[in-house]
Each structure stands twice: as C-alpha cells, then as structure tokens.
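One structure is given below, encoded as structure tokens.
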Amino acid sequence: MDTALKTKRLILRRWQESDAEILYGYASDPAVGPPAGWPPHTSVENSREIIKSVLSRPETYAVCLPSGEPIGSIGLHLKGSTDMTDREDECELGYWIAKPFWGQGLIPEAACEMLRYAFEKLGMRAVWCGYYDGNEKSKRVQEKLGFQYRYTTHGLNVSLLNEIRTGHTNLMTKERWQKAELFREQKKTLDTFLGTKAISQAQYNKSLGDLRELMQMHGVE
Ligand SMILES: CC(C)(COP(=O)(O)OP(=O)(O)OC[C@H]1O[C@@H](n2cnc3c(N)ncnc32)[C@H](O)[C@@H]1OP(=O)(O)O)[C@@H](O)C(=O)NCCC(=O)NCCS
C-alpha cells in the first residue's frame, strides 16, 4: 500500500525513521512489548534500528492520530514472516498500541480496516491472529473482531524474551468476514433509519433482534 489508509479516528501509514523518538517514548514501556513477545526498546537508536529492520517489512503500518503522530503499529505478516501459515493467500495480523491509548477501541478500529485491506486488496482467503495465554486484552480484541478459535500451542519459544509460553490461535476467513460486513452494513442502515425517525424505537429493536438471530444462524455473532 503506497497511500495511507484512513479510519474514523486514525491514519495507517508506513513507518519512517523520523518516528524513532516518539516510538521510543511508547515502546520503551514494559507494559507494551512483552505481552506481544518483544522486549521494551532501550534507546531512540534502538527504536530507529527496529523501524529499519522490523517495522519496514511489507504491510506493516504505523497507527497514527490525525495529526500524524504514531501511537502504535499494525501489520499483516505474510508467508515467510509468520509461523501460522505457509500459504501466499493467508497471513497473520499483529498489533500493539501505546498504553495512554488503551481502551478506546482504536486497535479494533485499525484492525477492521486491515482486514478489509487484506481481503479486498491483497486477495487473502484467511487471516490468522494469536495471543499469548493471559493476554486478555488481545483476546478481547480478537473476539470483538469476530475471529474464531482454532488451536492452542504449548511450549512456544518466545526467543526475543527467552521465555516459553502457551499461545492461542484464531482465524478469520474471507467468507466469515464478508457475512459480518453484510450484517454491519444492515445495522448501519437501521441506525440511520432510527436517527432520521424513519422507524420507531420498537421497530428498530425488532429489526435488530431479527438481524442478530440471522447472524447467529450464519455463525457470525
Ligand atoms: C491488546 C491491545 C492491542 C488492545 O488495544 P486497544 O485499542 O486498547 O483495544 P480495546 O480498546 O478494544 O480494548 C480491548 C480490551 O482491553 C481491556 N482494556 C482496555 N483498556 C484497558 C486498560 N487501561 N487496562 C486494562 N485493560 C484494559 C478491556 O477488556 C477491553 O475490552 P472491552 O472493550 O470489552 O472492555 C493493547 O492493550 C496493547 O497494545 N497491549 C500490549 C501489546 C499487545 O498485547 N499486543 C497484542 C499482542 S497479541
């Protein structure tokens, strides 16, 4: 992707070496890297090296505020840089966001856009996503995005931290994402109808209930 992707509150763009100082400020926090399997950054120079070696990989983006300030990272790890798949048409989603921005639904928002990009632009058939046992925040993000549990691996070697952990792996297929998109669009239409008073609250509640039932029948909610 050459141009940036935009969501309601964020811009997703390529990392630049000039981001090193801000990156260090956020990624030196021990609450951020270790849950994701990497050590806190040790200096601005270390952050610059990581921008050059890791964050410059294909399909890896700085999660930025509208001002352009990077506050996190999100990426699709393609064949060769993930151990979750060896297929060209599958990849792994990875993400983190700086602690002051936790709990605002920003990573789910960025991830929604990355999934759209993966399926619609990159032609992926499936996106994998995992979290280490105990990372309830990341587990919750994947639940909210609609990922489905696939398997658990014990004895994973987290080499950067010299630790052995248990990992849980989830999957989003293109088919599941398309169905969920359809339902999201229908809900948006209902919201608009309610907002413009084209339907009453009772009609809205009934239609939303029917929609949820349909979603459950299709295994999407
Ligand atoms: C996991 C992470 C990416 C979530 O991003 P986010 O934008 O905060 O996501 P959300 O706002 O949707 O919050 C997800 C859940 O985290 C929990 N949470 C939110 N803010 C929190 C806070 N300040 N303290 C503790 N838990 C919090 C809530 O359970 C929330 O779920 P809810 O919306 O059902 O209440 C972020 O916490 C992070 O970067 N953590 C460190 C790195 C990491 O774990 N990366 C993922 C590796 S698999």
Original post:
Applying the Karplus parametrisation 6.51 cos²θ - 1.76 cosθ + 1.60 with θ = phi - 60° to the phi angles of region 181-190, what ³J(HN,Hα) value in whole Hz is obtained for each residue in order, glycine and proline being reported as x?
Top reply: 4, 4, 5, 4, 5, 5, 5, 4, 4, 4
**OP:** Please give, to one decimal in nm, the separation of the simple spin-label points placed at Leu208 and Lys187, each 7 Å out from Cα toward the Cβ.
**Re:** 0.9 nm
Subject >> Per DSSP, loop GluC sites (Glu not before Pro) in region 1-103 with at most 15 further Cβ within 10 Å >> reply: Glu88
**OP:** Could you work out the local net charge near Ala126, counting Lys and Arg as +1, Asp and Glu as -1, over the other residues with Cβ closer than 11 Å to its Cβ?
**Re:** +1
Subject >> Cα pair distances exceeding 32 angstrom across the chain, given as percent >> reply: 23 percent
Original post:
Given the rule -39500 (n - 2.57) for each run of at least 4 DSSP H residues, summed and divided by the residues of the chain, what is its mean residue ellipticity at 222 nm, to the nearest 500 deg cm²/dmol?
Top reply: -11500 deg cm²/dmol
**OP:** Any of Lys8/Lys121; Lys8/Lys188; Lys144/Lys187; Lys79/Lys174; Lys52/Lys144; Lys99/Lys174 with alpha carbons more than 23 Å apart? Name them for me.
**Re:** Lys52/Lys144; Lys99/Lys174
Original post:
In degrees, nearest 10, range 0 to 90: what is the angle between the Cα axis of helix 136-145 and the longest Cα principal axis of the chain?
Top reply: 40 degrees
**OP:** Could you list the trypsin sites (Lys or Arg not before Pro) in region 1-53 that lie in coil according to DSSP, counting only those with at most 11 other Cβ atoms within 10 Å of their Cβ?
**Re:** Lys8
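Rule-based calculations on the coordinates, nothing more; no lab input. Remember, it's a predicted structure, so these values are computed and weren't measured experimentally. Every residue, glycine as well, gets a Cβ built from its backbone with ideal geometry; the counts of neighbours run over all protein chains shown.
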